[in-house]
Each structure stands twice: as structure tokens, then as C-alpha cells.
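Coordinate-derived values only; no laboratory data. Bear in mind the structure is a predicted one, so any value in this text is a computation, not a measurement. Here Cβ is always computed from backbone atoms with ideal geometry, including for glycine, and neighbour counts include all displayed protein chains.
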Amino acid sequence: MNEGVLTALALTAALAMATSLALLLIAPPLAWWLARSRHAASSLVEAVVALPLVLPPTVLGFYLLLAMAEDGWLGGAWRALTGQPLAFTFSGLVIASIIYSLPFVSQPLTASFRNTPPELLDAAAVMGIGPIARFLRLMLPLHWRALAAAGVLGFAHTVGEFGIVLMIGGSIPGQTRVLSILLFDQVESLDYASAHLTAGLLLAFSLAALTLTYGALRRR
């Protein structure tokens, strides 16, 4: 395994880990609100969250690239805050990956939360347990398998990203060239021996991650 593959592997793992940790903080409260809300806007919010499931990654990447540009609202704010650009950087990849992988983490949690027996929540309310405490002390422990499976699915999905990573990060060695981009570069340069190795790594990891995810869901 050459240095380029190792560098891309480390960068891919760092991107997937950062994205997964962020999603495990963002997705559970969002999923809980979507599962419980009867507000008219909840359907629109759920549709916006689910857009990456049906929208081509290049479309989402295009709009994010405009937002992250030096004169974009997000890129300009980032530059003012940190003094650094956002597009074609690892930080930009993390933000794009969070948005792109959000439905793959929030939707399984929303479905799991909706299956909670209402009697449990009613009993907790009668006992004087507030909404935040019910969520933290009752819902998260009760749905820990779904939470773990959603985290693994978000990690695996981030590892397999290509279109949005290419749009936002390009192919900068050591900064934005993750395994999926490295594989594209290897095939484009007709280096099929290296491409077999990179593709094999992605295939083995994806299969292992999905096996763990479905196993956790079946044991629920």
C-alpha cells in the first residue's frame, strides 16, 4: 500500500469521523422534533432534510460551492471568522458532508422515535420529568441501537461520497483527496492495479459497515 493510498485513507477516516460525530449531535434532537411535531412546517423541514436522498450530489455541491466561495454568504462569514477560505478545504468537506449525510442519520432515528409507546412518555410526564430530561434519560437509552446504527450508516455514507466531495474539495493531496477521489484519479490515469486496491478497501469497508448496521437493527 503506497503513501498516496495511506494518506487518502487517513483523510477519509478523519472526514467520516468528524462528520459522524457532528451528525450524532445534530440528528437526534432534529429526529425527535420531526417524530413528535405536529407543526405545519415540520413536513417542509423533513422534506428539506431529505433532499440529498433524491437530489444529484453535483446539484447540491454546486449550490454549496457558491455559498462557500469567497464572496458567498458562508465562505465570507468563514473568512471573517477564521481568516481562511472554506471552499477546497477539509473544513468545507466536513460542512458539505454533514449536510449531505444528514438524512441517512436522521431518518432511521425519526422512524425509531415514532415507534416509541406513548404510554412511556405519558408516564414520564406524570412523574414530572421535563421534555429535555425525557429525551436524554429515556429516549436516547431506549433507542441506543438505532442511534448506533445511524452513526455507522452516516460514517459509511461519508466514506462513499464522491460527487459532492469533488465539487467542494477537488483533488488536493493531503487536504481533500479522499479514497473515492483517489480511485477516480487512478482510473483516469489507467492505473488499474492501484485502483483495484482502493476499490477493494472501499468495498470491504462498505460491506462491513452495512452488515453491522443491519445486524444492530435486526436485534432491536
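Observations
- Sorting 120-127, 103-110, 49-56 by average packing, meaning the other beta carbons within 10 Å per residue, from highest down gives 103-110, 49-56, 120-127.
- For the pair residue 208 and residue 17 in one chain, pulling the backbone fully straight at 0.36 nm per residue adds 67.1 nm over the alpha carbon distance.
- Taking 0.36 nm per residue of sequence separation and removing the Cα-Cα distance, the residue 145/residue 6 pair yields an extension gain of 46.9 nm.
- Over the stretch 47-166: Rg over Rh, Cα atoms, Kirkwood Rh: 1.11
- C-alpha long axis of helix 3-36 to longest principal axis of the chain, angle in °: 20 degrees
- Estimated FRET transfer efficiency (residue 132, residue 50; beta-carbon r; R0 22 Å; 0.05): 0.30
- Helical content alone sets the calculated 222 nm signal of the chain at -25000 deg cm²/dmol, taking -39,500 (n - 2.57) per DSSP H segment of four or more residues and averaging over every residue.
- When each of the peptides 130-143, 165-178 is scored by how many other beta carbons lie within 10 Å of its residues on average, the order from highest to lowest is 165-178, 130-143.
- If the segment from residue 120 to residue 190 were pulled out straight at 0.36 nm per residue, it would be longer than the present Cα-Cα gap by 19.3 nm.
- Unit charges on C-beta of K, R, D, E only; dipole of the chain, Debye: 980 debye
- Share of alpha-carbon pairs per 5 Å distance bin for the stretch 102-220, given as whole %: 2, 10, 15, 15, 13, 11, 9, 8, 6, 5, 3, 2, 1, 0
- Debye intensity ratio I(q)/I(0), log10, the stretch 3-218, q values 0.14, 0.17, 0.18 Å⁻¹ (C-alpha model): -0.91, -1.19, -1.27
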